[in-house]
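Comments concern the structure below.
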Amino acid sequence: MKHDAHIAPSVANHSALRPFLAVAGKEFRDRLRNRWVLAVALVLAVFALLIAYFGGAQSGEVGFRGIGVTVASLTSLAIYLVPLIALLLGFDAIVGERERGTLDLLLSMPISRQGLLLGKYCGLGAALGLSTLAGLGAALLPLAGRLDADGLLLYLTFVGSTLLLGLAFLSIAVLVSVVSRERARASGAAIAIWFFFVLVFDLALLGVLVASAGRNASTWAPYALLLNPADVFRVLNVFGMESMRSAFGMETLLSDHWNNPVLLCVVMLSWIVAPLGIALWRFR
């Protein structure tokens, strides 16, 4: 009897997880079936290889160079492409089902509304992660023979932070999908969010710095960068290196404690958890 009582909760937990895994698996298989993962991986691989090879063309040099320069070049690529891919992947996760009339059918399954949303997020996140790893892994192949342990660690840090960047914008996209009433409005909001975080935010910050002649910038500008996950990603991969901060004239703006990768990763995780938490609260 004791043995049966021990097994019963375990069986119940597995039964509760089954609908969640079914939703996550369906989202992942749908992206594999419609070749979304393959297309994104090819786009990332082609652009990554081109930028890794031609990244030094402005200085009159082409070819695969040091891992530091390659990571700096790939960081610029990731800031533009990965948020856009994540937003386009997740903006219709809920509003699309609602417009197609399939949301009520999904909610008739033995799964909570929060479980359904988390299942969709995990499935989409797995598809995004697989395509990112495959695409950026291709850029590593030409450099594999030249990398030492430190270089490999630097590249793996870049790939890991790219995954965090994608998941952060996927969380934002899912939140947009939950609060939107129409798919067209959700797609417009997703594009507007990409423009704001990738293009407008830095221009506005630069404008404030110029208007204030940089007075007391070191006391507030680093905190302002934390308000943008794309800037956190940039600081983590580029401005975390002393040589790159000097090259970009940021050594006085970003003091040494901003190099702490643990702090920056915690901020990136906050950008994943906060929008997803709000989406779960709104979707109750």
First measure r as the distance between the Cβ atoms of residue 109 and residue 192, then evaluate 1/(1 + (r/R0)^6) with R0 = 25 Å and state the FRET efficiency to the nearest 0.05. 0.15
Of all accessible heavy-atom area on segment 34-176, the percent that carbon and sulfur account for (1.4 Å): 68
May I ask you to compute the full-extension gain from residue 211 to residue 270, defined as 0.36 nm times their residue separation minus their alpha-carbon distance, rounded to one decimal in nm? 18.2 nm
Taking 7 Å along the Cα-to-C-beta vector as the label spot, tell me the residue 202-residue 144 distance in nanometres, rounded to one decimal. 3.1
Chain lengthening between residue 152 and residue 133 when straightened (0.36 nm per residue, less Cα-Cα): 5.4 nm
Just to confirm my numbers, what's the Cα centroid distance between segment 77-128 and segment 172-187 in Å? 10
Can you tally the net charge around residue 170? Count Lys and Arg as +1, Asp and Glu as -1, for every other residue whose Cβ sits under 14 Å from the Cβ of residue 170. 0
May I ask you to evaluate 6.51 cos²θ - 1.76 cosθ + 1.60, the Karplus curve with θ = phi - 60°, for each residue of segment 153-165 and list the ³J(HN,Hα) values in order in whole Hz, giving x for glycine and proline? 5, 4, 5, 5, 4, 4, 5, x, 5, 5, 4, 5, 4
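The values are calculated or read from the model by the stated rules, or taken from the named source; none is laboratory data. Every value quoted in this text rests on a predicted model; they were computed, and no experiment measured them. Glycine also receives a Cβ, built like all others from the backbone with ideal geometry; neighbour counts cover every protein chain displayed. Side chains are part of the model used for accessible areas, which takes the heavy atoms of the whole protein and leaves out ligands, DNA and RNA. Shrake-Rupley method; radii C 1.70, N 1.55, O 1.52, S 1.80 Å.
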